[in-house]
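Quick notes on the structure that follows.
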């Protein structure tokens, strides 16, 4: 197997995870978790979302979170931005990297953002202009790139179109998201090979969910085609409103464990990450999907880490 | 990706799953579940174990189960056999295919079977002789082939040795088992490529656990090296006494869903399998790990099935 030597993991628990919790996690706890994540060796963290507090009350404290966390040198903290108001709030909060989202399927975009895809892209164009004028880094995410809960199969040409729009806006990264966990490894392999060259001038990342158990297999399939930036969520926080009871994002410790076992460098200290995962599980007070935090580390997963 | 066109799934829930339940599942329920599994299109089912009832009281009803199930034409029903007494009981019960187990690591074999590896192999040789004399088909399983909870790394040479012993006994199949879910895709890739030729004259199967979340990625890695027989367990039943709280086997429906999405033929009807999984979850009365039974089927996973 031909695999990348190094993978960057984007920890999205503080955004994708916390926004899917039924209750509001106190701001202090959010800050504590994010600060502890910052000590694990992770290089990128999606810290919050500047969405309207009425739309996602769980993240109404975005500005307080950004002001409260210790921003560690070398870590890129990202915030999700839905509109112009959001990017203005993010600017005030000192955010340096933003994440834009639009769906590849009309009905999911309508359901998620209450706009058509064209309306979303128009709004994001203005957001991107403001962000670039202020020296922000931009990720453009394409939701439902691998399937839509309403429309089913999403033609890759739809994803192409949005990727082109993002590139025209001047984004620094494009992320294909399997928002509801419908992807399979063959599809992932084809999609990564389709987009690898189209996106060669920006960072190319993938956001998989484990909704149907195939998340880690999809990561493997993507790596075999050269992908090396993946989203994950502490303890597997995050879910899917369309699949009640199903798990959400790939648990970060499980991903790090698999990659480090394969001698793929993530930069993450597994022991510290598991300590953090167990703290999160304790704080939230229920059993969370992450497996390695329950089963423990296989000795050779940390062989290099112990010797370095 | 170069993948097999067809994969055989060995359903091990009625053995590996039921023996890991804390309580005794009534014989009638076991028979009902196995009979329903027989209607899904599965071609192989590990139905029970003829182990001493004191060692595993959960499966003390092995003979009653074998007598009670409807053995459907075209399905191979297998039973695990630990010793000569077991194979004699199995013969009386009309078992036609048996599964032998020995560990690749001394300390796991000692802990699991209270014998040294050499003692186990000696005993299994006699079991195999009796089985062959009576026209039974034999699978030889090698536990802890990918790691041991006590010894950690297991040298592949140890697995080689046992595989050679099995072949000398005249087995029809060798199964490498990741008994405690320590395998990673790189290791799996290397092991399958190492054993592919050595085992070319028998069936070569793999038994992965999802203890650390990498089970499905390991299946993908194995398929990329040509493997096409995998164990799975209904709802992900089964666990690991060394990793309390962690999940056990790969849930059958999740495996079938991923494979059928990739247009790999399993012969299994996903809708019927999910119906069966939901019945098992209801009967056991607690939430089980299987994801697809909660999240539902992606439309293209059953495209061929619907049209056939």
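Here, each number is a calculation from the coordinates, and none is a lab measurement. Bear in mind that the values here come from a model prediction, so they are computed numbers and not experimental data. Virtual Cβ from ideal backbone geometry, glycine too; neighbours counted across all protein chains shown.
Observations
- Scaled to the globular estimate 2.2 N^0.38 Å, the Cα spread of the range A:1-103, given as radius of gyration, is 1.09.
- Taking every DSSP bridge with both residues inside chain B, close to 5 percent are antiparallel.
- Spacing of the two label points (7 Å from each Cα toward its C-beta) at residue A:29 and residue B:203, in nm: 5.0 nm
- Calculated [θ] (222 nm, deg cm²/dmol) that DSSP helices of n ≥ 4 give over chain B, each run adding -39,500 (n - 2.57): -12000 deg cm²/dmol
- More than 42 Å apart - percent of Cα-Cα pairs taken over the protein assembly as shown: 24 percent
- Anisotropy class of the range B:222-300 from Cα gyration tensor, a/c 1.5 cut: oblate
- Pairwise Cα distances in the range A:77-144 exceed 19 Å for 28 percent of all pairs.
- Part-to-part distance (alpha-carbon centres) for the range B:231-294 and the range B:34-83, which is given in Å: 18 Å
- Taken residue by residue and averaged, Cβ atoms of other chains lying within 10 Å of the Cβ of B:187-199 number 1.
- Counting only DSSP beta bridges whose two residues both lie in the protein assembly as shown, roughly 5 percent are antiparallel.
- Stokes-Einstein D (µm²/s) once Rh is taken as the Kirkwood radius of chain A over alpha-carbon pairs, at 20 °C in 1.002 mPa s: 112 µm²/s
- Summary for residue B:132: label point 7 Å along Cα→Cβ; distances to the equivalent points in the other copies, ascending, 7.4 nm.
- Values of log10 I(q)/I(0) for the range A:196-240 across q = 0.16, 0.31, 0.33 Å⁻¹ run -0.47, -1.18, -1.26, by the Debye formula with one identical scatterer at each alpha carbon and no solvent.
- With its label point put 7 Å out from Cα toward Cβ, residue B:172 sits 6.1 nm from the same residue's point in the other copies, in order from shortest.
- For the peptide A:218-226, the mean number of other protein chain Cβ atoms found within 10 angstrom of a residue's Cβ is 4.
- Rounded to 5, percent antiparallel among DSSP beta bridges of the range A:128-251: 15 percent
- Label distances, nm, residue A:43 versus same residue in remaining copies, Cβ-directed 7 Å point: 4.5
- Computed over the alpha-carbon atoms, the range A:44-120 gives an Rg to Rh ratio of 1.01, Rh here being the Kirkwood radius from the mean inverse distance.
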